[in-house]
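K.L.:
What follows is a single structure, and I will ask about it in a moment.
Any read-out appearing in this document is the output of simple, stated calculations on the displayed coordinates, not a laboratory observation. Since we're looking at a predicted model, the values are computed, not measured. Every residue, glycine among them, receives a Cβ derived from its backbone with ideal geometry; neighbour counts consider all protein chains shown.
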Amino acid sequence: MRSKILLVFFLLAVILFAEDSEEKIFSFEDETYHSTELSDLLQNIKRKPININTADENKLALIPWLSEKDIQKIILNRNSHKITKLENLTEIGIDAVTVNELKDYITFRSTIDFKLKQTSRLEYHQPKQYLPSTLKYFQKTILSLNNFKFGFISQKDEGEKDPFDFYSYFLEYTPENFLNKFLLGKYRLALGQGILFAPKLGMSKSGAATSVPIKKFNPIKPYTSSYEIWELEGAAANIELSSFNFIPFFSKTALSANLDTLSCITSFNESGLHLDEDKKNNVKEIIYGVAAKYSPVDHLFGLNFAKINFDHEFSNTARKSEYSAISADFVLNRNDFPTFGEIAYAQEKISGVMGCKFGENALRHLLLIRYYQKDFPTWHGNPFSSQSRFDNEVGIYYGMTVIPMERTKINCYFDLWSFPQTRYFEKMPTVGSEQFIQLERKFDANSLRFTVQHKDKEKYISLDEAKIRDFERTTIRADWWQNISNFRFKTRCELVTEYLANDNIHKSGILAYEEIKWKIDKLTLIGQVSVYRSDVLHYMYEHNVDGIMQNSILKGDGAYSYFVLKYNISQDMELQFKVSDHWNTKDKMRMYLQVVSSF
Amino acid sequence: MKLFIIISLLFCTILSAIDLHLPLSAIQNATSGLVLIYPSPSAANSNPACTFSGIETSATYLFSMEDLPFYNFHVQYRYRNFGFHVGSSFLAHPLYKESSSMFSVNYTYHEFSIGSSIRHLYNMVEEYHEDSTLLADMGLLWKNGNISTGLSVRNAAHSKFLEERLPIVYLWESCFSITPKSRLSVGLEKETGFDFAFKIAGRYDVHKVLTILSSYQYEPDRIGVGAIFNLKDFSICYSVRTHQYLSLNHYISLNYAF
């Protein structure tokens, strides 16, 4: 009841000041859709700067700041004296303001485009038990040479002996012809709305109520993640013929699975931790198929087919080890407010996601429905759902973004879902709902954000013979950002309550933190101290070294802090360090040391 | 037994299975019962102060059950500062019937409107009961620029049915024109003995011939969505709305504005 009243008051407080005004501060994803040809062109040139010594007249004319006279000056002078630095351009008569604008878009080097990016990371997690090796090591090397890119990634978790316990490698070729991309090695596949193939770490519901649930994927990418499962290994290509794209793919890879006494698969080990070598990569999987896409100017239509074969049976006989999967996806009006969806068929089961976005920037809506049949194979998929495992879920999502006045934004979403058939850990069908409202107000040097989130669902909690209980969780959160000179302060207060209606059990918790970010020149320092007194779990986002997604889960009475340092040792190299610790617990300290270099 | 299940499931959020607060049109089905966001003749049933000259008729099989047809017919006419409305609703299950006929009048003075209606309610459950009663509803409406706010009280006289007092229902709604094409409405409904139901609805005029409506209701959680096709003075609306236990509620309405 309390959450309902707060929800209403938040809306009223804003609506009382409602004005018919347009958004001027916040950036929209729609602006991305509407990105002009010029900005696209500049982005492309920035990624691949124009060589001022070799580019012909037409190529130089692509740079908008160069006049015809400037181009003639460059061409006349570079024949006698090679241009090697920005000052040379001023010397030949190009004004300083133009030269300053040019610096990100031109290069003086030879035509060989060579880049080397190296990331090395050491992690230390204070061990709770004896392990032969307590260090975690990750390294990523990516070498780019003109249209070729080669990468090698390796990782060893704490406790693992093999320094290459997990590795990924790839060779990517992106010629500027009908062959848009060719990938050899380990890669990830993402098609349509992600029912059959999608990155496992994709984002779901969030404060961006009318944008995040829409999946917009690049179909094939090298596998550079440290997440040690669900990568494909083999070859894939993206062939572009006018408005058509064909994406053939083949993969033969190994997965770590838990097997029963009959050697049937019961589940997969998604942690990536391989302390028992016998259970590592003990199941082989072969996938091959093709995706076809037709992309007229404003729409997109896709057909995806895959054949999947495991070399072990599943202990759940409803799941087959060999099957075909087919899906069709579409996006209509993709450059504006789109209607999108995907429907998939595999193992005689159907799944579907369909959504529609409508309205204007000041009031946008997103409606999305999903239906996943029980035992639909979800191995490589990750479409929109109330939770990470979308098998056997039916739901409808309604998101809304309101800009009632300048610098103010309200995001809210309402999600209803049900599991009409039982799941393996719940003995009867369950239903649930979620309400979320977030009010954001930006001032000159300050920002305020209020968030209320309420979940009400049936959950399996074993207290007595009755296992399924009505579970409610309400989160009320206030965030305040201040920018003072080079400092940014962020203050958060969070109250979480949980309620089991059947047993009249109330639990609650409070968390507060202060975060300070200081950035000067080459150095960035971030420090945060959290205090909490709670009987429930608090989930908290953390700043990290690049490539890490470590968020804290806090419970009990205590304090927690972390400190991040990022220092540019030189133009090509950055040192990153992080340490985090729970003040009242001995074995939860974590340290990260990472060097990111790019030549 | 079947009747008991239908009634108990169908109306589990309502105090009793008498004076059902069902949406009277596809528009109300799409907006979770909020009426200011897209006025229509049947809106006077929710708030007698609402005026919209026209004829509206709608039909549905409640929750996709073929033996639960629900029909509505409403006419409203505005003469100078006065608005007059007559309407009728009829739910026709073989074992359960409920009909409601109403007459409303309202008066507008500058930005304010005040209205009242008298409803005749008839309810019959085969072999259980058959009775009728008169109910009085009242409503207030304030319009100022881009904002309109309404408050209505249904069964203001706390009438009896089968010697039992029927619940009083309060509905507050505020509607905001965010842009010329977009509107947002929020509302609260309170029935005596029950918690508040919070409602929010959005409207977007895609084109002069197409309007999209969507809404959410909390407690119980339900989502509604609908599309209105405008053809000169005629409009056709189709909408669906979820229910926490039952199948989708499909509605279709035909409106004529004069």
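K.L.:
Need the C-alpha centroid separation for segment A:51-110 versus segment A:579-599, integer Å.
P.N.:
46 Å
K.L.:
List the residues, sorted by chain then number, that are 5 or more residues from A:N392 or on another chain and whose placed amide H is less than 5 Å from its amide H.
P.N.:
When sequence neighbours closer than 5 places are left aside, the close amide H contacts are A:Y372, A:Q373, A:K374, A:D375, A:F376.
K.L.:
Skipping prolines and chain starts, which residues have an amide H placed within reach, meaning under 5 Å, of the one on A:D113, given they are 5 or more residues away or on another chain?
P.N.:
Residues meeting the criterion, in which the H sits 1.01 Å from N, are A:N146.
K.L.:
With the crude spin-label approximation of a point 7 Å out along Cα→Cβ, what separation in nm comes out for A:Q387 versus B:N81?
P.N.:
Once both label points are built, they end up 6.1 nm from each other.
K.L.:
As an exercise, identify the GluC sites (Glu not before Pro) in segment B:24-109 lying in DSSP coil whose Cβ has no more than 10 other Cβ atoms within 10 Å.
P.N.:
Here the sparse-neighbourhood loop sites are B:E66.
K.L.:
Right, here's the next one. Counting Lys +1, Arg +1, Asp -1, Glu -1, what net charge surrounds A:D375 among other residues with beta carbon under 10 Å of its beta carbon?
P.N.:
Residues near A:D375 contribute +2 overall.
K.L.:
Here's a follow-up. Can you tell me the order of A:541-547, A:407-413 when each peptide is scored by its average per-residue count of other Cβ atoms within 10 angstrom, highest first?
P.N.:
Ranking the peptides A:541-547, A:407-413 by packing returns A:407-413, A:541-547.
K.L.:
Taking neighbour Cβ counts within 10 Å as the exposure measure, how do B:I147, A:I71, A:I308 sort from fewest upward?
P.N.:
B:I147, A:I71, A:I308
K.L.:
For segment A:317-388, which GluC sites (Glu not before Pro) are both in a DSSP coil and crowded by at most 12 other Cβ atoms within 10 Å?
P.N.:
The qualifying sites are A:E348.
K.L.:
Taking the Cα centre as origin and putting +1 on Lys and Arg beta-carbons and -1 on Asp and Glu beta-carbons, what dipole magnitude results for segment A:473-522, to the nearest 20 debye?
P.N.:
280 debye
K.L.:
So for the protein assembly as shown, taking the charge dipole from beta-carbon charges (+1 Lys/Arg, -1 Asp/Glu), which of B:T192, A:A445, B:S215 sits furthest toward the positive end?
P.N.:
Value: A:A445.
K.L.:
May I ask you to list the lysines whose Cα is less than 23 Å away from that of B:K160, ignoring any residue fewer than eight positions away on the same chain?
P.N.:
B:K97, B:K190
K.L.:
Just the number: Rg to Rh for the protein assembly as shown, Cα atoms, Kirkwood Rh, two decimals.
P.N.:
1.01
K.L.:
To one decimal place, what Kirkwood hydrodynamic radius in Å is obtained for segment A:443-599 from all pairs of distinct Cα atoms?
P.N.:
18.0 Å
K.L.:
Per-residue mean of other chain beta-carbon atoms within 10 angstrom of the beta-carbon, peptide B:222-229?
P.N.:
That average works out to 3.
K.L.:
Would you give the gap between the C-alpha center of segment A:187-240 and the C-alpha center of segment B:117-170, rounded to a whole Å?
P.N.:
First find each Cα centre; the distance between them is then 54 Å.
K.L.:
In debye to the nearest 20, how big a dipole does segment B:71-184 give about its Cα centre with +1 on each Lys and Arg Cβ and -1 on each Asp and Glu Cβ?
P.N.:
740 debye
K.L.:
Do the alpha carbons of any pairs in A:K215/A:K374; A:K320/A:K555; A:K140/A:K409; A:K186/A:K293; A:K427/A:K507 sit beyond 32 Å of each other, and which pairs?
P.N.:
A:K320/A:K555; A:K140/A:K409
K.L.:
Continuing with this model, one more query. Provide A:Y105, B:Y107 in ascending order of the number of other Cβ atoms located within 10 Å of each residue's Cβ, fewest first.
P.N.:
So the residues, fewest neighbours to most, are B:Y107, A:Y105.
K.L.:
Let me ask something else. Find which of A:I92, A:T107, A:S80 sits farthest along the positive direction of the dipole of segment A:65-114, computed with +1 on the beta-carbon of Lys and Arg, -1 on that of Asp and Glu, about the Cα centre.
P.N.:
After comparing all options, I get A:S80.
K.L.:
Rank these for me by crowding, B:S46, A:S242, B:S101, going from fewest to most other beta carbons within 10 Å.
P.N.:
A:S242, B:S101, B:S46
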